1. Solvent-accessible area per residue for the stretch 240-292 at a 1.4 Å probe radius, Å²?
2. For semi-axes √(5λ) of the Cα gyration tensor in Å, several values are listed as (i) 78, 21, 16; (ii) 34, 24, 20; (iii) 32, 27, 18; flag the one computed from this structure.
3. Report the calculated FRET efficiency for GLU233 and ALA326 (r = Cβ-Cβ distance, R0 = 30 Å), to the nearest 0.05.
4. GNM on the chain, C-alpha springs below 10 Å: top fluctuator among LEU32, LEU214, LEU144?
5. Calculate the dipole size of the chain relative to its Cα centre from +1 charges on Lys and Arg beta carbons and -1 charges on Asp and Glu beta carbons; express the result in debye to the nearest 20.
6. How much length is gained on full extension from TRP226 to GLU68, taking 0.36 nm per residue of separation minus their Cα-Cα distance?
7. Separation between the SER338 and ALA352 pseudo-spin-labels, each 7 Å from Cα along Cα→Cβ, expressed in nm?
8. Among 60-66, 48-54, 252-258, how do they line up by average Cβ neighbours within 10 Å per residue, starting with the highest?
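The values are calculated or read from the model by the stated rules, or taken from the named source; none is laboratory data. Computed from a predicted structure; not experimentally measured. Ideal geometry is used to build each Cβ from the backbone, glycine not excepted, and the neighbour counts take in all protein chains shown. When the accessible area is computed, the model is the full protein with side chains, heavy atoms only, and any ligands, DNA or RNA have been set aside. Shrake-Rupley method; radii C 1.70, N 1.55, O 1.52, S 1.80 Å.
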Amino acid sequence: MTVSAFVYPWDVNGDPEAAGRIAALGVGQVTLAAAYHSTRALTPRHPRHRIVTAEHAAVLYPPGALWEGRKLRPYPAGDWAPGDAFGEAARALAEAGLDVHSWVVLAHNSRLGAEHPDTSVVNAYGDRYPWAPCIAQPATRAYLTDLAVEAAVRPGARGTELESLGWYGLAHLHAHDKTGGVGLGEAGQYLMSLCFCPACRAGYGTQGLDPDELAALVRAALEPLWRGGGADEGWADVEKPLGESTAAATRAWRDETARTLQESVVAAVRAAAPPGFRILLHADPVPYHCGANAGVDPAHILTVADGVVVPCTGGAGLLAPFAEQARGVLAANFTVVSGMGGSPGTLAADIARARERGATEVRLYHAGLASDGDLESVREALAGA
């Protein structure tokens, strides 16, 4: 069973021991960030630094000439990942005997939204989400497709994992985030993530909806939540206030928008990649979910990509809808950083349960962020797996 650890270039570059240390965990593969969002990260073993602050979403290699003259284009990294940081780290990891796959974050970019606010998701109240590019807009779709190709098919990469290739909504770990005061539940998250930018307003029109009337319905549906009321029954709590046909029409627009983007991005990456290059998506089996693990239809996505990476920290239940398709790579993703809610001490048992539920591979988040004690637990678990 292939086990891959997530890694940032700054975990490796400048630390001559890093690649060997990662290989010694017992993994055969690394998923190395090539395009990533803003973050502040610990580097607990690096000889030159302990904190890396990535100030904005960036590509971790020099962007190519195809972006010249374009309004929407990726931003090069600053001093946290200078030059071809991805390439430098990929070479060191390969020399340690590890297969390198690229890790590409797509529809999650706060700087893009800040500099080009018209690209962002707009909620029913008119608030813009600068971290969430609207994937219905033609220019944004073209940008995401070209970014996916360039960032995924890097020299030294034998495959890629595409994160946030779908709708991004309200949920976002923003700096000093203060959005948890009201429990929105699944329905509230969906309603607060519906986009009302010009492209989406036109899209609702193609489904027979009046976008102004829809926005008013959404605001009315959310009102009980602001007062602290309402159960969390998932999709049923969207259908009740909107009506089944209206709720289904919003889904039809959003589902088709996400599916066609996923199809075009994967096709473009495949066309640019060498033979045998694997393309996986970070995915959630509930199609209306938003976020880094894009909501997908399992039966559809496994006819498009070579497989999926599924969050399994705290339980492997999300694997089942994908396993039922009996095709493609099914990678169970476990957080192994104790301070981030992971449980490296139970990793061996967690992997065994995931395998029983159909997992064919394992992902470990995150080799660079974990403490020495967490990494020792990982080594022990993989040695006995």
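1. Averaged over the residues of the stretch 240-292, the accessible area is 38 Å².
2. (ii)
3. About 0.50, to the nearest 0.05.
4. LEU214
5. My answer is approximately 440 debye.
6. Between TRP226 and GLU68, full extension yields 52.3 nm more.
7. Roughly 2.2 nm, to one decimal.
8. 252-258, 60-66, 48-54
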